[in-house]
1. Hey, if you put +1 on the Cβ of every Lys and Arg and -1 on every Asp and Glu Cβ in the stretch 15-110, which of SER100, ALA58, GLN25 ends up farthest toward the positive end of that dipole?
2. What is the extension gain from VAL122 to THR174, computed as 0.36 nm multiplied by their sequence separation minus the C-alpha to C-alpha distance, in nm to one decimal?
Amino acid sequence: MFIVTQGADNVKLGDVEILLVEKSQVADFLQKKQTTIEKEITDRKRAVEVAEKEAETAQINYESFLANKPYLTNDDYVKMMGDNGSLLQKYNDLNDKLRSLPATSEEFEKAEKQMAQIQSDVDSLMEKMMRFQNSAKEANARILQTATNNLATAKSKLENSPTAEDYFEGFSPTIAEKRSLTLMENFLLLIHATNRSRFLRARSAWF
């Protein structure tokens, strides 16, 4: 079967493979499947409830992290703060000493170099402390984001269920008849089959 587009292109449509199945097979399968579907819906509702609690807990933990800054008591961070305090004290001591020295003396020049090195060390340490803070914040943010995503996924599964795939998963009927028809023949057969006790399954083969 061909169709012609507005651009005068010829498009060939493939045949459709038609599988006719006895209606009783479908009815029996769906009846047995209903219990499984109901259980699955119940499980998905429970999954949403669990995900909601996890998301709520993650949100509370994240807000607590921002408010309390627990990294301040981390041993590594405490050490960095102590080192930073020591460096700042040395810098202030040198700065006081510098005021009493002649600007042209060697000792003055030496003190200036020491202060410059201390300032560089302080800057490096502050950058390291900032990375530590950001790393801790990002870790907590990831936990919150994961919990939020899990909740969205659980809700989506519940809202979009059950699907046709859910109902017919595992359906392997005995085929009563198998044909390969054009789209028009398929359409006519579908109309005719509505008055018969058979169920049609179609599989397209597009070229």
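1. Going by the charge dipole, the pick is ALA58.
2. Values: separation 52, 0.36 × 52 = 18.72 nm, distance 7.83 nm.
Full extension of this stretch gives 10.9 nm more.
Since every read-out is calculated from the coordinates, none of them should be taken as a lab result. Note that this is a predicted model, so its numbers are computed, not measured. Counting neighbours? That spans all protein chains shown, and the Cβs are built from the backbone with ideal geometry, glycine included.
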